[in-house]
1. Report yes if some residue within region 458-474 is modelled with pLDDT of 90 or more, within 30 Å of PHE211 (Cβ to Cβ) and part of a helix (DSSP H, G or I); otherwise report no.
2. Exactly one condition in (1) within 25 Å of the chain's Cα centre (by Cα); (2) among the aromatic types (Phe, Trp, Tyr); (3) farther than 26 Å from LEU246 by Cα; (4) open to solvent by 10 Å² or more (accessible area, probe 1.4 Å) is not met by TYR383; state its number.
3. Using the structure shown, decide if LEU424 is in contact with a Ser or Thr (Cβ under 8 Å, 6 or more places away or on another chain), open to solvent by 10 Å² or more (accessible area, probe 1.4 Å), within 30 Å of ASN183 (Cβ to Cβ) and not in a loop (DSSP other than H, G, I, E, B).
4. Condition test on PRO253, is it over 25 Å from ILE326 (Cα atoms), at pLDDT 75 or above and not charged (D, E, K, R)?
5. If GLY190 satisfies every condition in (1) open to solvent by 20 Å² or more (accessible area, probe 1.4 Å); (2) touching a helix residue (DSSP H, G or I) at 6+ places or on another chain (Cβ under 9 Å); (3) modelled with pLDDT under 80; (4) more than 18 Å from VAL96 (Cα to Cα) but one, which is the exception?
6. Give the residue, chosen from PHE415, PHE406, that is aromatic (Phe, Trp, Tyr) and open to solvent by 50 Å² or more (accessible area, probe 1.4 Å).
7. The conditions are (1) surrounded by fewer than 19 Cβ atoms within 10 Å (Cβ to Cβ); (2) in contact with an Asp or Glu (Cβ under 9 Å, 6 or more places away or on another chain); (3) not aromatic (Phe, Trp, Tyr), and GLN433 fails exactly one of them. Which is it?
Amino acid sequence: MIETIKELVLAVGDFLIKTINGLVLTVSDFLYDPWVPLFLVVAGVVLTVRTGFPQLRMLKEALRVVMEKPKTEGAMSSFGALMISTASRVGTGNIVGVSMAICLGGPGAVFWMWFIAIFGGASAFVESTLAQIYKRRNPDGSSYGGPSYYMETALRQRWLGVLFAVFVILTYAVGYNALASYNLQSTFTGFRFYDAATTPAIMGAVLAVLFMICIMGGGKRLAKVTGIMVPAMGIVYIVVAVIIVLMNIQRVPTMFTAIFANAFDFKAIFGGFSGSCLMHGIKRGLYSNEAGMGSAPNAAAEADVSHPAKQGLVQMLSVFLDTLLICTATAFMCLTSDVVPTKELAGAPFVQAALKNSLGAIGPVFIAVSMSLFAFTTLLGNYYYCEGCLRFILKRQPSRGFMTGFRIVASVIVFAGAIAGMDLVWNMADLTQGLMVVTNIPAILLLATPAVNALKDYTRQRRSGKDPVFHAERIGIKEKTDFWN
């Protein structure tokens, strides 16, 4: 009798998962064929032209600004805001996401990840500069803000800001955090101790508990944790990648040939667009660097800087750190190995096999440890965005009881992600991030002028030898701001 009930419950659960996944996939396919790629590419190119290609022109300046201390003692620095946004960006997508793109789309997906990152840098600059311009003041003098606030203040469309805030919560508390949890436990499938029936649940429970302990401490604790972990794990990961590439240096020319040949095989791309290297490169590139999605501005608005363009440059730098360094490191480690990418290896297995080929038994262990650290900081960075969005929706700081309940629910989702199916968690993440893109990109295109003018004002002051200080009226902003009038 008990076995019959168990089988019935499993059958019903399987049916529900397949039904939900089918609905999610239908909407996701509509968004991505072709709207999300079109929005990202058009916005990236248009904003790059309008801002004068700051991705290259002001890269040195971005590196200088990121080390500036905040104006007020105890306030969040540019570096602190960068680490929170980078904690969200640098995560499981840098390992498993890259593997998925290569295995399902081909090596050319790496080129399209580079493409979307380079041009997405301008989108990241504009959205984060706007978040700084229209940020709000807390009673203690600190700041908060994000896309919802510039949609409300500059576009005068509060409903759009509320809709975007809902999409952020769905993306980060549900889509991305469930996916990070699943990706982490999937990394251990090749180990002897792994049991498909129990290991995902055990790992999900442990991760959920650790996650809850950290988020109960609030934003300042998150900033401290990510500020230490993100730089350390990123440096170690890149060093190992360089060592592996040097070990396989003879395969580097073949790797580049494969990347560019596949990337520009337009007959294959347009013959099956949804499964092409271009589509997978854009999807996984967006999941990795988040440029144009409107996520990083929520952290950027909290930085204490003398000029909004400073934080725009810093967040632009985060896109490069994520895709052009971490994602490229994963791609090169995999593509210089003897392991052939296949659909069956998509995800953690391809990366593990590639590193085992180069480093022996230590390779899969290194990836498992890296995934554990990346997944944990991703969970923290993702959650950070949700509290500000709840505040916007409710028009006030949520009560302690409400936030405790929300944090418990967020932790339960982390556990659920570990035991969910691969298709569902990936499709859910693609859907929710797509909803953010189609809401935020039109907004930053409409509001680009203040950000462009802010960059011109910043450049003008730097040329005259000043440390730039911003005044909203200098660039024609008529709306009252909490910080810049």
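The values are calculated or read from the model by the stated rules, or taken from the named source; none is laboratory data. The structure presented is a predicted model; accordingly, all values stated were derived computationally and were not measured. Positions of Cβ are generated from backbone atoms using ideal geometry, with glycine treated the same way; all protein chains shown enter the neighbour counts. For the accessible areas, the whole protein counts, side chains as well, though only heavy atoms, and no ligand, DNA or RNA atoms are used. Shrake-Rupley method; radii C 1.70, N 1.55, O 1.52, S 1.80 Å.
1. no
2. TYR383 satisfies every listed condition except (4).
3. no
4. Spelling it out, it is not the case that PRO253 is over 25 Å from ILE326 (Cα atoms), at pLDDT 75 or above and not charged (D, E, K, R).
5. (4)
6. Details: PHE406 fails: open to solvent by 50 Å² or more (accessible area, probe 1.4 Å).
Every option except PHE415 fails the conditions.
7. All conditions are met except number (1).
So that you can scan it fast, the table gives a plain yes or no per residue for (1) within 19 Å of the chain's Cα centre (by Cα); (2) polar (S, T, N, Q); (3) closer than 21 Å to VAL305 by Cα; (4) at pLDDT 65 or above:
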{"position": "THR72", "(1), (2), (3), (4)": "no, yes, yes, yes"}
{"position": "GLY80", "(1), (2), (3), (4)": "yes, no, yes, yes"}
{"position": "ALA87", "(1), (2), (3), (4)": "yes, no, yes, no"}
{"position": "CYS103", "(1), (2), (3), (4)": "no, no, no, yes"}
{"position": "VAL110", "(1), (2), (3), (4)": "yes, no, no, yes"}
